[in-house]
Structures are given as C-alpha cells and as structure tokens.
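For reference, the structure is listed below as structure tokens.
Every read-out reported here was derived from the displayed coordinates using simple, explicitly stated rules and does not represent laboratory data. Keep in mind the model is a prediction, meaning the values are calculated, not measured. Cβ sites come from the backbone with ideal geometry, for glycine too, and all protein chains shown count toward neighbours.
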C-alpha cells in the first residue's frame, strides 16, 4: 500500500487531538432504534472512534450516553466493518469522561471485594 492509499483509507482529517481510552456505551439512532453496544477506543472534543457490535452505516445520526459527559449526539462520519468514526454535533470536554463517576468517600457503591473490612465493636 502506498501513502496516498493509506490516507484515503483513514477517513476525514481530525480537527483535534484524541486520547486513547476504553469506555462501553450503547448507541441508538436519533429515532431511538437500538444499534447495540460500542467500545469507545479514542475520544476528542469533536468526535470518537468506536468498535461496534454490528455494522453501523455512515451518514446516520446517533445518540449515546458518555460517562461523565452525559447525552451526546453526532453523525457517523465513516464506517468500516465493525468500527466507526463519529463527529459530534457539539464539542464536549473529553477530560470529563476520564474523571471518576463518584467522588463519594462512602463504600456503598463498591463491590464487596473492594470494600475495606468494617470493624465492629467487641461484644460484651
């Protein structure tokens, strides 16, 4: 493969830098039709790349919830087999997706294996 072919296989040029990460979400069409789960592989203020459970065609409008950011909408800019590139309708702050979901010091939401043992007062 030559360089020209490599460039055309990548899709549109990226407008902003992207951070690699792995987040799981579910996509729907703008009309609410489920498109399955997707694993977000990289994220920027203007878009993302994700691996999807099934083929999602380019050009459709999608909605999904992004941890730390909330409801996000965009258009599938390109699609290749089970991978898509999505351009957001509005820019987001991608760093919000990296922040912990809960800042509570409580162990209530933690799985049992991550909780500190609770000390109980000795019985008298």
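Set the Förster distance to 35 Å, then compute FRET efficiency between residue 37 and residue 89 from the Cβ-Cβ distance, nearest 0.05.
Working: r = 21 Å, r/R0 = 0.61.
My answer for the efficiency is 0.95.
Given the range 44-99, report the % of alpha carbon pairs whose separation exceeds 16 Å. Can you show the working numbers first?
Values: 575 of 1540 pairs.
Above the 16 Å cut-off, the range 44-99 has 37 percent of its Cα pairs.
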Please give the contour-minus-distance gain from residue 71 to residue 98: 0.36 nm per residue of separation, less the Cα-Cα distance, rounded to one decimal in nm. 8.2 nm
